[in-house]
Amino acid sequence: MIRKIVLTASLGGLLLGTPAMINGRAQEPNDKQQEPQQETKSVNGKITDIGDQGRSFTLDTGFGGEKQVMKFILAKNSRVQGQVKVGTIVAVDYKTMDDGQLVCVRVAAQS
């Protein structure tokens with residue numbers, strides 16, 4: 001009796017766990033699930049310019065005499081933490097878009 005219950009439960013679980021095989025065909029993968037997500041990167045530096053009415057900023061990431069400049073744009077969902085202005089040392093999380101633009105995910109003033 002117990003064997004019948006275990007066997008029935010196992011078969012039921014197998015059938016419920018494979019809805020893609022109903023009607024004898026596999027379910028097509030969702031294109032949205034297969035889109036690669038851009039990797040979020042981080043950088044620290046000093047803000048040297050704020051442009052486009054506050055929708056972009058330039059960051060000097062070079063320390064020790066080497067000057068490296070990166071320009072970021074802000075998106076609707078970008079988060080700004082703390083008071084950020086020219087001369088502020090900040091930490092920036094960003095994503096690189098396919099066209100090469102750097103989109104700021106989060107910018108936070110460092111103390």
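Using the Karplus curve 6.51 cos²θ - 1.76 cosθ + 1.60 with θ = phi - 60°, what ³J(HN,Hα) values do you get for each residue of the range 72-84, in whole Hz, with x for Gly and Pro?
10, 10, 9, 9, 4, 9, 5, 10, 10, 10, x, 8, 10
For residue 48 and residue 103, FRET efficiency with R0 = 22 Å and r from the beta-carbon atoms, rounded to 0.05?
Efficiency, rounded to the nearest 0.05: 0.75.
Which far-off residues, 5 or more places away or on another chain, put their amide H under 5 Å from the one on residue 56, with H placed in the peptide plane?
The list, which skips near neighbours in sequence, is 51, 74.
Below 14 angstrom from the Cβ of residue 106, what's the summed charge of the other residues (Lys, Arg +1; Asp, Glu -1)?
Here the charged neighbours net out to +3.
Counting Lys +1, Arg +1, Asp -1, Glu -1, what net charge surrounds residue 91 among other residues with beta carbon under 13 Å of its beta carbon?
With Lys, Arg at +1 and Asp, Glu at -1, the neighbours total +3.
FYI, it's all coordinate maths here, none of it is from the lab. Computed from a predicted structure; not experimentally measured. We place every Cβ from the backbone using ideal geometry, glycine too, and count neighbours over all the protein chains shown.
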